[in-house]
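The values are calculated or read from the model by the stated rules, or taken from the named source; none is laboratory data. Keep in mind the model is a prediction, meaning the values are calculated, not measured. Glycine gets a Cβ as well: all are built from the backbone with ideal geometry, and neighbour counts include every protein chain shown. Calculation scope for accessible area: heavy atoms of the full protein, side chains included, ligands and nucleic acids excluded. Shrake-Rupley method; radii C 1.70, N 1.55, O 1.52, S 1.80 Å.
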Amino acid sequence: MENKAFLEIKNLKKYFEVSKSFLKKNRMYLTAVDDVSFEIKKGETFGLVGESGCGKSTLGRTIVRLYEPTAGQVIFDGDDITKLSQHEMLKYRKRLQMIFQDPYASLNARMTVSEIIGEGIDTHNLGKGKERQEKIQHLLQTVGLKSEHSSRYPHEFSGGQRQRIGIARSLAVEPDLIVCDEPISALDVSIQAQVVNMLEDLQETMGLTYLFIAHDLSMVKHISDRIGVMYLGKIMEICDSNELYRKPLHPYTQALLSSIPVPDPRKNRESKRIILQGDVKSPINPPEGCRFNSRCRYCEQICKEVTPQLLEVEKDHFVACHLVDKIN
Ligand code: SF4
């Protein structure tokens, strides 16, 4: 893994207007991603975790410019791609790919597997005729499918096989970075490990970099080098994957980790589960100060007034919490 940043996200915001009004002050916005900054190194897997609705998928889609950012910057391999036109984005679309959560919805039901995988090869002029066919066959083999699968349609496959087709489609354009948006959440537990192992093998052989999005910390532990924890549009904690499991510092991360069942029943009984009180607030009207204040058992007055910044509290360990020293 190289040390310099391959993808830099700087103060990225993505707001959706939910009520239109002539007067700007009367307009309402859903603040899906709010002032998010982090970076991913080349060859790294960065896990992004948070409950549903926290903005993690929107963040992934904004990074690859499926959504236009409201503010901030996306810098990919040294180039600011935030404001590029669709035409200018074409060469980056090849290098920046996405794998979606629902493989069935993301595959065109009327296209054969060969057509689905070949589409990117054609768009980016990566091979014609025999060379194109050989590429498709090679990709099928790479993701563990057979050559006879190429003439079949998505409905003829299982969920795990469909996700493999989605991965082959992403690989067809020879990308450098893949945003994996909950790629295993919809799969059976027995298949999840197979897909994760395959993604790891592909990373090693093809030198890929991943942003791996999941709603559950147990899913990202195995694959991630570093992990970012997101809550209501903001990053709460970032650090090395092992360190996060060993010593989580943010109250939200601590609660998420405490809810993961431990295989040993004795240890499971002994480990104290932190039950979060209160509801997740709406991103349309997020709380003042710390976004987590309505559910945090340590909340003090400052938490309701001032937004905590994401600060490096230990080496390479970043936390957004006013009371991080007091509670740890
Ligand atoms: Fe809890 Fe306050 Fe820290 Fe937010 S800033 S996580 S409310 S202690």
Q) Any residue at all in region 245-260 that is farther than 16 Å from R295 by Cα, in contact with a Phe, Trp or Tyr (Cβ under 8 Å, 6 or more places away or on another chain) and at pLDDT 95 or above? A) no
Q: Give the residue that is farthest from the chain's Cα centre (by Cα), with candidates limited to residues of region 281-314 that are among the hydroxyl-bearing types (S, T, Y) and within 12 Å of the ligand (Cβ to nearest atom).
A: Y298
Q.
Anything in region 64-101 that is touching a strand residue (DSSP E or B) at 6+ places or on another chain (Cβ under 8 Å) and basic (K, R)? List them, or say none.
A. R65, R95
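Restricting region 315-325 to residues that are within 11 Å of the ligand (Cβ to nearest atom) and open to solvent by less than 60 Å² (accessible area, probe 1.4 Å), which is farthest from C239 (Cα to Cα)?
In this case the residue turns out to be L323.
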Q.
Checking the conditions here, which among E288, E312, E237 is open to solvent by 60 Å² or more (accessible area, probe 1.4 Å) and part of a strand (DSSP E or B)?
A. E312
**Q.** Only listed residue being at pLDDT below 95 and open to solvent by 20 Å² or more (accessible area, probe 1.4 Å), chosen from I274, I302
**A.** I274
Q: Pairs only if they're at least six apart or on different chains, beta carbon under 9 angstrom, first in region 42-62 and at pLDDT below 95, second assigned to a helix (DSSP H, G or I); list them, first residue then second.
A: G50/K56; G50/Y252; G50/L256; E51/L256
Q. Restricting attention to region 192-222, and to residues there that are open to solvent by less than 10 Å² (accessible area, probe 1.4 Å) and outside any helix (DSSP H, G or I), which single residue is nearest to G50 (Cα to Cα)?
A. A214
Q) Within region 11-37, how many residues turn out to be open to solvent by less than 50 Å² (accessible area, probe 1.4 Å) and not small (G, A, S)? A) 7
Q.
One residue is enough: does region 167-176 have a residue meeting the conditions in contact with a Pro (Cβ under 8 Å, 6 or more places away or on another chain), under 23 Å from R61 (Cα atoms) and surrounded by 22 or more Cβ atoms within 10 Å (Cβ to Cβ)?
A. yes
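Results for (1) within 10 Å of the ligand (Cβ to nearest atom); (2) among the small types (G, A, S), shown as yes or no for each residue.
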{"position": "V220", "(1), (2)": "no, no"}
{"position": "R226", "(1), (2)": "no, no"}
{"position": "G233", "(1), (2)": "no, yes"}
{"position": "H250", "(1), (2)": "yes, no"}
{"position": "L257", "(1), (2)": "no, no"}
{"position": "N328", "(1), (2)": "no, no"}
Q: Would you mind listing the helices (runs of 4 or more DSSP H) fully within region 42-150 where at least 1 residues are surrounded by fewer than 16 Cβ atoms within 10 Å (Cβ to Cβ)?
A: 86-95, 103-106, 113-123, 129-142
Q: Just need a number here: residues in region 177-191 that are crowded, with 22+ Cβ neighbours inside 10 Å and without any contact (Cβ under 8 Å) to a residue 40 or more places away in the chain.
A: 1
